[in-house]
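The values are calculated or read from the model by the stated rules, or taken from the named source; none is laboratory data. Values in this document were obtained by computation on a predicted structure and should not be read as measured data. Heads up, the Cβs are rebuilt from the backbone with ideal geometry, glycines too, and the neighbour counts pull from every protein chain shown. What goes into the accessible areas is simple: the full protein's heavy atoms, side chains included, and nothing from ligands, DNA or RNA. Shrake-Rupley method; radii C 1.70, N 1.55, O 1.52, S 1.80 Å.
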Amino acid sequence: MTDQPEQTTNPTTDPAGVPGLGVNGVNGEGGNTADPTTDPNLVAAGTPLPEGQPQPPSERISPLVFLAIEQALEFASEGSDAVAPFLLGYIDEEQKGMWKLPGADEDQMRAQVAQLEPRPEMAVSVFDARLEVEGQPHDAFVLEAFDNAEGVSATVIQLYSPADATGGAEAVGAPQLFSNGENILRA
């Protein structure tokens, strides 16, 4: 891919602008009530897991991952059959953005991330998918988080229920760590 995708100015990609999360992970007014920093059942972002297990996204990129999930749910609530693949990139406070790449596959998305100039400090790619969960098909977002300060990328899966006549798309459960891959921001 040599052409830069069309950049969308909405939403803000400031990690502090994640709906429901305030600065430093403090929940904002009217936001989420579950605080992953105090829930004893959750592992804090950036916590190294035993060797051989996938490592979670860094604490630094976790707000961008949650922003990507919120944006994907918003796109899914707009009524289309599938959410077009998109990318959030964060270079610094002055340079951040979102790009939609309709029809892109995983390799094309990774190539696009690698070609962004200037190279982002962090990026999250998002794909809409249909995965089998306990023998049943389920809608899911597959996110790959790239942080140039980390050795590997982290793939996270967020199950969701699609929008219907009663309301918009909603997350089902918490995001689940799936695997690690090559961090193309460090290549």
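Details
- Relative contact order, percent, the range 96-187 [alpha-carbon distance under 8 Å, six or more residues apart]: 23
- Cα-based equivalent ellipsoid, the range 137-187: semi-axes from gyration tensor eigenvalues, Å: 29, 10, 8
- Across the range 54-187, counting alpha-carbon atoms alone, Rg and Dmax equal 14.4, 46 Å.
- Global form of the range 112-152, assessed from the alpha-carbon gyration tensor, a/c cut-off 1.5: prolate
- Across the range 56-86, the residues whose backbone nitrogen lies under 16 Å from the label position 7 Å along the beta-carbon direction of L177 are 56-63, 65-66.
- The solvent-accessible area of D164, taken with every protein chain present and a 1.4 Å probe, is close to 90 Å².
- When you filter the GluC sites (Glu not before Pro) in the range 48-125 for DSSP loop state and at most 12 other Cβ atoms inside 10 Å of their Cβ, you are left with E51, E78, E93, E94.
- Tensor-based shape of the range 63-123 (alpha-carbon gyration tensor, a/c under 1.5 rounded, otherwise prolate or oblate): oblate
- Size of electric dipole in the range 51-187: Cβ of Lys, Arg +1 and of Asp, Glu -1, about Cα centre, debye, nearest 20: 200
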